[in-house]
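**Q** The following block contains the structure, expressed as structure tokens.
The values are calculated or read from the model by the stated rules, or taken from the named source; none is laboratory data. All of these numbers come straight from a predicted model, not from anything done at the bench. Cβ coordinates were reconstructed from backbone atoms using ideal geometry, including for glycine residues, and neighbour counts include every protein chain displayed.
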Amino acid sequence: MKKASGWIKSILLILLALFFLSPIYIIFVNSFKDRQELYENALSLPESFSFQYYIEAMEKMNFVSALLNSLYVTIVSVIFIVVLSSMTAWMLVRTNNKLSTFIFMTFIATMLIPFQTLMMPLMQFISTITQDLGIPMYNTHEGLIYMNIGFHSALSVFLYHGFIKSIPITLEEAATIDGASKFGVFWRIIFPMLKPITATVMILNVISIWNDFLLPSLTLIDKGLRTIPLSTFYFFGEFTIQWNLAMAGLTLTIIPVIIFYALAQKHIIKGIGEGAVK
Amino acid sequence: MANKNKRKWFVLFVVPLLFIFTTVVIIPFLIGIYYAFFEWDGISANPMEFVGLDNFGKLFDDDQFLRSAWLTTLFTVLSVITINVVGLAFALLVTSKIRTANAARTLLFMPYLIGGLILGYIWQFVFLDVFEFLGELTGLTDVFFNWLIDPEFALYALVFVFTWQMAGYVMIVYIAGIQAIPNDVVEAAKIDGATPWQRFMRITLPLLMPALTISLFLTLSSAFKIYDVNLSLTGGGPANATELFAMNIYNEIFGSGNYGFGQAKAIVFFVIVAAITLTQVYLTKKREVEM
């Protein structure tokens, strides 16, 4: 009796979860249907699985190029964020003076500023730098990466700072006496110990940079530079009515996310939990 | 000598990031305050006219801005409630001793990973075609119709979709809170004959207060700042009925070309967001001391 009700609960729970994800199912099945089939029954499985709309959507969205652009911007940004913010946080924790406290507090305080408050002056500043100094910040991936580092550094420094505080200093002191430089101490001794928090920092930043729309929409102008959210946005601007194409396009954009989730599911849930609680 | 060496390392480790951070965040923030006191159309050849505090005064005459402020407040209150109720319910379900709990947790969290822009488009289709289809199928056309063309229901659609995105996220926060509750307390109450509802109200919920504070304010500030879902799901429509704060600022600056006035709105936006967040920090700190 008890066993049977346990099974029923198990099945009900999984059904609830699947029902919760039904919009994704709906997008998926309709990406194979032609218009008439779609209007007849939006919930049924398609009569045939042809990838015709996928091929068309891929071309119209420039999907391969957008995917590569997203990968490039996200990976390079996250590497720089991890390297720079872990170094900064370590030095700030291990330096006990007013300047160090002031810098840390400035990082924390700016986490209060919403992006909308910065976007217009930032764009003015960036285009001035591009025009007057000739540094190509505007309309380049590298400029976007630079801005990503700036926007995501505060939270990352904060997370590293909290973690490093709990590492005993004696280890580093021993290494310093042995004559290792600060650089060597950090990369050989400290950084490997930061692995758990590095995973959290990476995951939080990957999610927010991958999905970011507003900043890239302001900085990237050329079609060839567009990331996935950008090409999705323009795709919908041009083809609003052609839903079957749109469905195929949306399914394409979800696939990388599902792969990422399948590969790093445990780390992601753990990282999100830690990031939120701090 | 040793001190000089120390300073050299400090500069080497801290300055690169500090430089990037200053140019991307600090300088634009300061320039932004400056811009808010001018009237300017964003074209560098045109003159900027100093207007003092006029831009801030004008905010109270801007009907669309006041409407956005009200809609944003309404949206925030509604979605904070629904997200936390649904998220907590999910957390309770997936921490119970049900065999499929782990799989369910994995699935329920997934929407959070799909960006706001993309899931707004997904739901646009669901409201447009699937809701109409369900309406025809069931005859419940009062519930199942395209919510996005009705000014009032379009806002509810935003709440609905934002809840879908965020429920799995706060679920994770609540799971951590539930797992921290000592099992013997719950077992003792069970032996004393407390019903599941009593156990929830008298034990679980009070012990979940720290997790509740965290997720309330996480959802509060992200709801208040919502932009991506707003843009892709309703685009602010129908007839500006869902133009929330962040979108109103964007449209004022880049749509209408009122750079100074729009920036004044952006500063006010910052002050409100900062006030919400600081209240959160204050309350969390206070609670930690009490515990």
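**Q** Does residue A:264 satisfy being within 9 Å of chain B (Cβ to nearest Cβ), among the small types (Gly, Ala, Ser) and out of contact with any strand residue (DSSP E or B) (no Cβ under 6 Å at 6 or more places or on another chain)? Before you say what the answer is, go through the steps one by one.
**A** On the way: within 9 Å of chain B (Cβ to nearest Cβ): no; among the small types (Gly, Ala, Ser): yes; out of contact with any strand residue (DSSP E or B) (no Cβ under 6 Å at 6 or more places or on another chain): yes.
The answer is no for residue A:264.
**Q** Next question. Can you tell me which of (1) buried (at least 21 other Cβ atoms within 10 Å of the Cβ); (2) facing chain A (nearest Cβ under 10 Å); (3) not charged (D, E, K, R) is the one residue B:221 doesn't meet?
**A** (1)
**Q** Another question, then. For the condition more than 10 Å from chain B (Cβ to nearest Cβ), in contact with a helix residue (DSSP H, G or I) (Cβ under 7 Å, 6 or more places away or on another chain) and surrounded by 13 or more Cβ atoms within 10 Å (Cβ to Cβ), what is the one hit in A:77, A:86? Lay out the reasoning, then the answer.
**A** Values: A:86 fails: more than 10 Å from chain B (Cβ to nearest Cβ).
Just a single option satisfies the conditions, and that option is A:77.
**Q** Taking the condition of being surrounded by 13 or more Cβ atoms within 10 Å (Cβ to Cβ) and within 30 Å of residue A:112 (Cβ to Cβ), how many residues in segment A:154-195 meet it?
**A** Of the residues in that region, 16 qualify.
**Q** Scan segment B:136-159 for residues that are part of a loop (DSSP other than H, G, I, E, B), free of Cβ contacts under 8 Å to residues at least 40 places away in the same chain and either under 16 Å from residue B:122 (Cβ atoms) or not β-branched (Val, Ile, Thr) (or both) and report the count.
**A** Within segment B:136-159, the subset part of a loop (DSSP other than H, G, I, E, B) is B:139-146, B:150.
Imposing the further condition that a residue be free of Cβ contacts under 8 Å to residues at least 40 places away in the same chain reduces the set to B:139-146.
Those still in the list that are either under 16 Å from residue B:122 (Cβ atoms) or not β-branched (Val, Ile, Thr) (or both) too: B:139-140, B:142, B:144-146.
Of the residues in segment B:136-159, 6 are part of a loop (DSSP other than H, G, I, E, B), free of Cβ contacts under 8 Å to residues at least 40 places away in the same chain and either under 16 Å from residue B:122 (Cβ atoms) or not β-branched (Val, Ile, Thr) (or both).
**Q** Can you tell me which condition residue A:167 does not meet? The list is (1) at pLDDT 90 or above; (2) assigned to a loop (DSSP other than H, G, I, E, B), and all the others hold.
**A** (1)
**Q** Go through segment A:212-232 and report how many residues are farther than 25 Å from residue A:117 by Cβ and either within 13 Å of another protein chain (Cβ to nearest Cβ) or touching a Leu at 6+ places or on another chain (Cβ under 9 Å) (or both). Steps first, please.
**A** First pass over segment A:212-232, keeping only residues farther than 25 Å from residue A:117 by Cβ: A:222-226, A:228, A:231-232.
Next, only the ones that are either within 13 Å of another protein chain (Cβ to nearest Cβ) or touching a Leu at 6+ places or on another chain (Cβ under 9 Å) (or both) stay: A:225-226, A:228, A:231-232.
The total comes to 5.
**Q** Here's something else I'd like to know. Can you give me the number of residues within segment A:133-153 that are among the β-branched types (Val, Ile, Thr), more than 9 Å from every other protein chain (Cβ to nearest Cβ) and crowded, with 18+ Cβ neighbours inside 10 Å? Before you say what the answer is, go through the steps one by one.
**A** Here is the first cut: in segment A:133-153, the residues among the β-branched types (Val, Ile, Thr) are A:135, A:140, A:145, A:149.
Within this subset, residues satisfying the condition of being more than 9 Å from every other protein chain (Cβ to nearest Cβ) are A:135, A:140, A:145.
This time we only want the ones that are crowded, with 18+ Cβ neighbours inside 10 Å, so: A:145.
Residues that pass the stated criteria total 1.
**Q** Got a sec? Which helices (runs of 4 or more DSSP H) wholly within segment B:200-256 have at least 1 residues that are aromatic (Phe, Trp, Tyr)?
**A** On the way: elements: B:209-224, B:228-233, B:245-250.
Counting at least 1 such residues, we get B:209-224, B:245-250.
**Q** Right, here's the next one. Of all helices (runs of 4 or more DSSP H) completely enclosed by segment A:16-87, which ones contain at least 1 residues that are under 30 Å from residue B:93 (Cα atoms)?
**A** Numbers: elements: A:22-30, A:35-40, A:52-61.
Qualifying helices (runs of 4 or more DSSP H): A:22-30.
**Q** If you don't mind, there's one more thing I want to ask. Any residue at all in segment B:82-102 that's more than 30 Å from residue B:156 (Cβ to Cβ), away from every other protein chain (no Cβ under 14 Å) and not in a helix (DSSP H, G or I)?
**A** No.
**Q** Which of the residues that make up segment A:175-196 are touching a residue at least 40 places away in the same chain (Cβ under 8 Å), part of a helix (DSSP H, G or I) and among the aliphatic types (A, V, I, L, M)?
**A** Selection gives A:190 alone.
To keep it simple, each residue is scored yes or no on (1) within 14 Å of chain B (Cβ to nearest Cβ); (2) free of Cβ contacts under 8 Å to residues at least 12 places away in the same chain.
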position	(1), (2)
A:21	yes, yes
A:25	yes, yes
A:31	yes, no
A:46	no, no
A:53	yes, no
A:57	yes, no
A:82	yes, no
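**Q** Still on this structure, please answer the following. Among the residues of segment B:242-280, count how many are more than 7 Å from chain A (Cβ to nearest Cβ), under 18 Å from residue B:35 (Cβ atoms) and surrounded by fewer than 22 Cβ atoms within 10 Å (Cβ to Cβ).
**A** Qualifying residue count for the region: 8.
**Q** Still on this structure, I have one more. Determine if segment A:119-132 includes at least one residue that is at pLDDT 95 or above, surrounded by fewer than 16 Cβ atoms within 10 Å (Cβ to Cβ) and part of a helix (DSSP H, G or I).
**A** No, that holds for no residue.
**Q** Consider residue A:115 carefully, then state whether it is in contact (Cβ under 8 Å) with a residue 60 or more places away in the chain, assigned by TED's automatic domain parsing to the domain that holds residue A:157 and under 25 Å from the mean Cα position of the chain (by Cα). Talk me through it step by step, then tell me what you get.
**A** Details: in contact (Cβ under 8 Å) with a residue 60 or more places away in the chain: yes; assigned by TED's automatic domain parsing to the domain that holds residue A:157: yes; under 25 Å from the mean Cα position of the chain (by Cα): yes.
For residue A:115, the condition - in contact (Cβ under 8 Å) with a residue 60 or more places away in the chain, assigned by TED's automatic domain parsing to the domain that holds residue A:157 and under 25 Å from the mean Cα position of the chain (by Cα) - is met.
**Q** Go through (1) within 18 Å of the chain's Cα centre (by Cα); (2) buried (at least 20 other Cβ atoms within 10 Å of the Cβ); (3) at pLDDT below 95 for residue B:69 and report which single condition fails.
**A** Going through the list (1) within 18 Å of the chain's Cα centre (by Cα); (2) buried (at least 20 other Cβ atoms within 10 Å of the Cβ); (3) at pLDDT below 95, residue B:69 breaks only (2).
**Q** Right, next: State whether one or more residues within segment A:207-214 are under 17 Å from the mean Cα position of the chain (by Cα), modelled with pLDDT of 95 or more and under 30 Å from residue A:95 (Cβ atoms).
**A** Looking for residues that are under 17 Å from the mean Cα position of the chain (by Cα), modelled with pLDDT of 95 or more and under 30 Å from residue A:95 (Cβ atoms), one finds at least one in segment A:207-214, hence yes.
**Q** Now for a separate question. Mind checking which residues of segment A:33-43 are without any contact (Cβ under 8 Å) to a residue 40 or more places away in the chain and facing chain B (nearest Cβ under 10 Å)? Lay out the reasoning, then the answer.
**A** From segment A:33-43, those without any contact (Cβ under 8 Å) to a residue 40 or more places away in the chain are A:36-37, A:39-43; that's our starting set.
Residues satisfying the conditions are A:39, A:40, A:41, A:42, A:43.
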